[in-house]
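Remarks on the structure that follows.
The values are calculated or read from the model by the stated rules, or taken from the named source; none is laboratory data. These numbers come from a predicted model, not from an experiment. For neighbour counting, all protein chains shown are included, and Cβ atoms are generated from backbone atoms with ideal geometry for every residue, glycine included. Surface areas here come from the heavy atoms of the whole protein model, side chains and all, with no ligands, DNA or RNA. Shrake-Rupley method; radii C 1.70, N 1.55, O 1.52, S 1.80 Å.
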Amino acid sequence: MNGSLHSSPNVVDIKLKRGPAGLGFNIVGGVDQQYVVNDSGIYVSKIKEDGAAALDGRLQEGDKILAINGVKLEERTHKAAVELFRTAGEDVELRILKKFPHHMNGPIGSQPEHESPAFSLGILAAIAGAAAIFAFFYMRHHKKHF
């Protein structure tokens, strides 16, 4: 494989042992089904709970899979990539380009990863509710003085 790719801190090699449910993740992408604009790479779309990838913990949704068992995935159709995964054997080595660097400085890297958009919407709904109650009492109070 290309040694220059491995020199990047965002490129990692992950070894997984195929379990009863396979490797435990789904993929998207390929030259015929681009997942990212102008990028025909293969990406992890879903990590299956209790699968080999989830138990290992290093592979994440959004990671780009560069190679499987030393075979590069660039310029392959989705079907060809799926076939490589199916025939990869029990012990599988993946070369991954991580979605985000492991160690980031500044405000982007300091945000907690466990907060979901639903959590943020819940906070906004609570603030909007409090504002509505405040407005109700404010308007009611001012009506009595006219």
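Below is a table of values for the structure above.
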{"read-out": "Segment 90-105 residues that are more than 8 Å from Val12 (Cα to Cα) and open to solvent by less than 100 Å² (accessible area, probe 1.4 Å), paired with ones that are modelled with pLDDT under 95 and in a loop (DSSP other than H, G, I, E, B) (beta carbon under 6 Å, 6 or more apart)", "value": "Pro101/Asn10"}
{"read-out": "Restricting segment 56-80 to residues that are at negative phi and over 19 Å from the mean Cα position of the chain (by Cα), the residue that is most open to solvent (accessible area, probe 1.4 Å)", "value": "Lys79"}
{"read-out": "Conditions (1) at pLDDT 95 or above; (2) assigned to a helix (DSSP H, G or I): number failed by Val82", "value": "(1)"}
{"read-out": "Residues of segment 11-47 satisfying the condition of being under 16 Å from Asp63 (Cβ atoms), open to solvent by less than 40 Å² (accessible area, probe 1.4 Å) and either at pLDDT below 90 or charged (D, E, K, R) (or both)", "value": "Asp39"}
{"read-out": "Meets criteria (open to solvent by 40 Å² or more (accessible area, probe 1.4 Å) and not in a loop (DSSP other than H, G, I, E, B)) for Asp50", "value": "no"}
